[in-house]
Amino acid sequence: MKNLFIILATILLSVCKVSAQKIIPAKDAVKHIGEKVTICDKVSSQDNKAFVVTLFLGGERPNQLLRVPIRFSDRAKTKGYFDSSFEGKDICVTGVVLNDRNGLYIKVNNPEQIKPLLLDNPVKQIQRVN
């Protein structure tokens with residue numbers, strides 16, 4: 001019985017640790033390279049190409065703080081989700097912060113990684129104060 005309790009406690013702790021998600025503004029993305037985070041900020045501009053939509057957060061390009069390239073080979077999978085413009089909208093994007101020669105980015109493969117930013121979000125409240 002004691003062993004069962006220890007096993008269940010270990011599983012519970014590991015699940016809680018995995019589900020914990022850091023929510024940060026785009027200006028702090030540089031501090032979290034290689035980490036899975038949720039970044040909330042305004043989309044400054046959007047670039048639509050044939051198979052890639054790129055959202056630019058935290059400033060106008062080429063001086064953006066973060067790029068969000070959305071690659072999709074099957075438009076039916078996204079059900080038109082990326083056909084409308086995100087420009088000027090506050091969003092939260094979840095993924096691993098990566099860095100390349102063009103700056104920081106989070107690669108999006110699934111529309112579920114992008115959510116609208118809710119007004120009662122603590123990150124939005126912090127950004128209003130700063």
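The values are calculated or read from the model by the stated rules, or taken from the named source; none is laboratory data. As the structure is a computational prediction, the values presented were derived from the model and not from experiment. Methodologically, a virtual Cβ is constructed for each residue, glycine included, from the backbone with ideal geometry; neighbour enumeration extends over all protein chains shown. Ligands, DNA and RNA are stripped out before the accessible areas are found, and what is left, the full protein with its side chains, is counted by its heavy atoms. Shrake-Rupley method; radii C 1.70, N 1.55, O 1.52, S 1.80 Å.
Please go through the range 94-117 and give me each residue that is within 10 Å of the chain's Cα centre (by Cα) and assigned to a strand (DSSP E or B), ordered by number. Passing the criteria: Thr94, Gly95, Val96, Val97, Tyr105, Val108, Ile114, Lys115. A single member of Lys2, Lys42, Lys17, Lys27 is within 19 Å of Pro116 (Cβ to Cβ) and either of a type outside the set (A, V, I, L, M) or modelled with pLDDT under 95 (or both), and it is Lys42.
Checked against the criterion of being closer than 18 Å to Pro25 by Cβ, modelled with pLDDT of 85 or more and surrounded by 14 or more Cβ atoms within 10 Å (Cβ to Cβ), the candidates Val93, Val123 yield just one match: Val93. For the range 33-70, a tally of residues being in contact with a His (Cβ under 9 Å, 6 or more places away or on another chain) and open to solvent by 20 Å² or more (accessible area, probe 1.4 Å) returns 0.
One residue stands out in the range 96-115 among those that are within 16 Å of Arg61 (Cβ to Cβ) and in contact (Cβ under 8 Å) with a residue 60 or more places away in the chain: the one that is most open to solvent (accessible area, probe 1.4 Å), namely Leu104.
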